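Novice: Below is a structure I'd like to ask you about.
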Amino acid sequence: MVFGYTPLDPLVVLIGTAMAAWFLSKNPVRLMAYLPTALSLYFFIPTVTLLTLWQTVPMLLTGRALLLGKMKAPSVVKPIVAVIGMAFAISATFAVLAGDDSTRAVIRVVYYLGIFALFSFCYEMGRKPEGLQLLLKGLVVMGIIFALYGVYQILATPLGLPVRGIVRGTRGADIAYEYGFVRVNSLANEPKRLGYVLFCAALACFALAKLESERARRLRTAGWFILLISVFTFAGSYFATIALFGLAALLLYPSKATRYVFGLLVLFGFIITVFPDTGILEAVQYGYERRAAEVEIGLDGAFVYRQEFYAWDYLANHIGTNVTGVGLGQYFITLNREYGVGVGYNEVGGLQPLNSNFLELLFDFGGGVAVLFYLMMIVLIWKLRQAGERFLCLALLFVTIQSLTILTLHWMVLFAGVGTARLFMKRAAAPPIT
């Protein structure tokens, strides 16, 4: 029995927001352990938008930043943040005053203010000695809970037991299948989001195992268990990201990454050997090939639901948009007017977001800001590799690659904030050059 939105949803959001507020008032650094859950748990309050914890918690951080009267960032980063901030102000002003959807513009203003505040908070707390370890522990706990609920989804669905599925707003819920297998989404909003959440949690298990030798074996076991469950998302974009991540990781860590790539091969070998007749490998292959075919066909398909195809077509036909964007939150109505029902908005008026952070940034701010942001991520990944911050380097690398096919901006900013803090901590602790 699949269920979706219930009266429990608003209660979870309210309690979760209250917990975050309590952490902020008592000991803000403790919030680092809670952030991974807050940025991935999909319960919501139906308002003008679906109000989730990944919206309310950044709003709290925005309020905190306004009370402090400043944004925490290293001096070398502030000029870049200032450029993005100016683009944000210009785009927001245009969208609110002259845009076709001022309500959506205001919502996006609040959203991006939360992004700025999240980076500032993670940078501030990442400079505290316990900041990174709290983040790792939070990721591990979240990953185990999400993976266990994923197992429950796999077992409960064929037995007809109550299970929270993929929630479709307040209208209902369903369970997705791939080649006859249940596609788990656990407590995230959809399988492909669960994929990168579990992958980052598995990385955290391996990183924490190096810091806590007495629990190293259990943590590594938990990491491989979490990775195993992530396979059952059967998300083509997730598997493609793993492949690209593996190649990039081998370039960054030629000797170290080989062990983990070999481990992933062993994991797939384990699945094939232990479950030879279940068709799991065929399901993975079928899911990837089906999505690859969708990409190849693009807008020529009989039924096209991927908004990115329309976005790229729009950019090809409106060259100026590549430079200027269309204003904060305006791409929904822009694409809808260009292509009709099912693009930008669905048949009942619900939003059809772009599953690409790069495209969202381009439409909201223009191509210059989108390119600048991704260049910042690439430089930071390289700096983290040079500084020996392996977990943050690999986690940021993974969510950055994944962001091309799904929205991972909160997670990118989370790891970028902590990563920037760790770099400047090490720089401050380094002996002066004489």
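Novice: Hey, GLU296 hits all of (1) farther than 21 Å from GLY366 by Cβ; (2) modelled with pLDDT of 60 or more; (3) not assigned by the TED database to the domain that holds TYR112 but one; which does it fall short on?
Specialist: Single failed check for GLU296: (2).
Novice: Still on this structure, I have one more. For ARG30, are the conditions met, namely being charged (D, E, K, R), assigned by the TED database to the domain that holds GLY4 and touching a residue at least 12 places away in the same chain (Cβ under 8 Å)? If you could, list the steps in order and put the result at the bottom.
Specialist: Numbers: charged (D, E, K, R): yes; assigned by the TED database to the domain that holds GLY4: yes; touching a residue at least 12 places away in the same chain (Cβ under 8 Å): yes.
Considered against the rule, which asks whether it is charged (D, E, K, R), assigned by the TED database to the domain that holds GLY4 and touching a residue at least 12 places away in the same chain (Cβ under 8 Å), ARG30 comes out as yes.
Novice: Does ARG64 satisfy the criteria of being within 28 Å of GLY195 (Cα to Cα), charged (D, E, K, R) and modelled with pLDDT of 95 or more?
Specialist: Working: within 28 Å of GLY195 (Cα to Cα): no; charged (D, E, K, R): yes; modelled with pLDDT of 95 or more: yes.
So ARG64 does not fit the description; no.
Novice: Now a separate question. Mind checking which residues of the stretch 93-105 are surrounded by fewer than 17 Cβ atoms within 10 Å (Cβ to Cβ) and either assigned to a helix (DSSP H, G or I) or touching a Pro at 6+ places or on another chain (Cβ under 8 Å) (or both)? So that I can check it myself, show each step before the final result.
Specialist: First pass over the stretch 93-105, keeping only residues surrounded by fewer than 17 Cβ atoms within 10 Å (Cβ to Cβ): 93, 97-98, 100, 102-103.
Answer for the stretch 93-105, where residues must be surrounded by fewer than 17 Cβ atoms within 10 Å (Cβ to Cβ) and either assigned to a helix (DSSP H, G or I) or touching a Pro at 6+ places or on another chain (Cβ under 8 Å) (or both): THR93, LEU97, ALA98, SER102, THR103.
Novice: Right, something else. Which of (1) surrounded by 13 or more Cβ atoms within 10 Å (Cβ to Cβ); (2) charged (D, E, K, R); (3) over 24 Å from the mean Cα position of the chain (by Cα); (4) at pLDDT 65 or above does ARG220 not meet, given it meets every other one?
Specialist: (3)
Novice: What is the number of the single condition among (1) surrounded by fewer than 17 Cβ atoms within 10 Å (Cβ to Cβ); (2) among the hydrophobic types (A, V, I, L, M, F, W, C); (3) farther than 30 Å from LEU228 by Cβ that LEU148 does not meet?
Specialist: It is condition (3) that LEU148 fails.
Novice: Let me ask something else. Let me confirm something: among VAL413, VAL348, VAL418, VAL369, which residue is of a type in the set (Val, Ile, Thr) and assigned to a loop (DSSP other than H, G, I, E, B)?
Specialist: Details: VAL413 fails: assigned to a loop (DSSP other than H, G, I, E, B); VAL418 fails: assigned to a loop (DSSP other than H, G, I, E, B); VAL369 fails: assigned to a loop (DSSP other than H, G, I, E, B).
Exactly one of VAL413, VAL348, VAL418, VAL369 is of a type in the set (Val, Ile, Thr) and assigned to a loop (DSSP other than H, G, I, E, B), namely VAL348.
Novice: Report yes if GLY388 is surrounded by fewer than 17 Cβ atoms within 10 Å (Cβ to Cβ), of a type outside the set (Lys, Arg) and more than 13 Å from ALA248 (Cβ to Cβ), otherwise no.
Specialist: Working: surrounded by fewer than 17 Cβ atoms within 10 Å (Cβ to Cβ): yes; of a type outside the set (Lys, Arg): yes; more than 13 Å from ALA248 (Cβ to Cβ): yes.
Yes; evaluated as a whole, the condition is true for this residue.
Novice: Quick one: SER75 ticks every box in (1) assigned to a helix (DSSP H, G or I); (2) in the same structural domain as ALA421 (by the TED database) except a single one, so which number is it?
Specialist: SER75 satisfies all of (1) assigned to a helix (DSSP H, G or I); (2) in the same structural domain as ALA421 (by the TED database) except (1).
Novice: Considering each of ARG220, ARG183 in turn, give the residue that is in contact (Cβ under 8 Å) with a residue 40 or more places away in the chain and at negative phi. Outline the logic, then answer.
Specialist: Values: ARG220 fails: in contact (Cβ under 8 Å) with a residue 40 or more places away in the chain.
That would be ARG183, the only listed residue that is in contact (Cβ under 8 Å) with a residue 40 or more places away in the chain and at negative phi.
Novice: Which of the residues belonging to the stretch 306-333 are crowded, with 22+ Cβ neighbours inside 10 Å and of a type in the set (Val, Ile, Thr)?
Specialist: Selection gives VAL326 alone.
Novice: Give just the number: which of (1) assigned by the TED database to the domain that holds VAL29; (2) out of contact with any helix residue (DSSP H, G or I) (no Cβ under 9 Å at 6 or more places or on another chain); (3) not small (Gly, Ala, Ser) does THR103 not satisfy?
Specialist: Of the numbered conditions (1) assigned by the TED database to the domain that holds VAL29; (2) out of contact with any helix residue (DSSP H, G or I) (no Cβ under 9 Å at 6 or more places or on another chain); (3) not small (Gly, Ala, Ser), the odd one out for THR103 is (1).
Novice: Further question on the same structure: Scan the stretch 195-216 and tell me whether some residue there is in contact with a Ser or Thr (Cβ under 9 Å, 6 or more places away or on another chain), hydroxyl-bearing (Ser, Thr, Tyr) and buried (at least 21 other Cβ atoms within 10 Å of the Cβ).
Specialist: Checking the stretch 195-216: at least one residue is in contact with a Ser or Thr (Cβ under 9 Å, 6 or more places away or on another chain), hydroxyl-bearing (Ser, Thr, Tyr) and buried (at least 21 other Cβ atoms within 10 Å of the Cβ).
Novice: Please give the number of the condition GLY342 fails out of (1) modelled with pLDDT under 95; (2) at negative phi.
Specialist: The single condition GLY342 does not satisfy is (2).
Novice: Write out, first by first residue and then by second, each pair whose Cβ atoms fall under 6 Å of each other, whose residues are 6+ apart or on separate chains, and whose first residue, in the stretch 36-48, is within 16 Å of PRO7 (Cα to Cα) while the second is among the hydroxyl-bearing types (Ser, Thr, Tyr).
Specialist: Qualifying pairs under 6 Å: PHE44/THR52; PRO46/THR170.
The values are calculated or read from the model by the stated rules, or taken from the named source; none is laboratory data. Computed from a prediction, not measured in an experiment: that's the story for all the values here. Quick reminder, even Gly has a Cβ in these numbers, built from the backbone with ideal geometry, and neighbours come from all protein chains shown.
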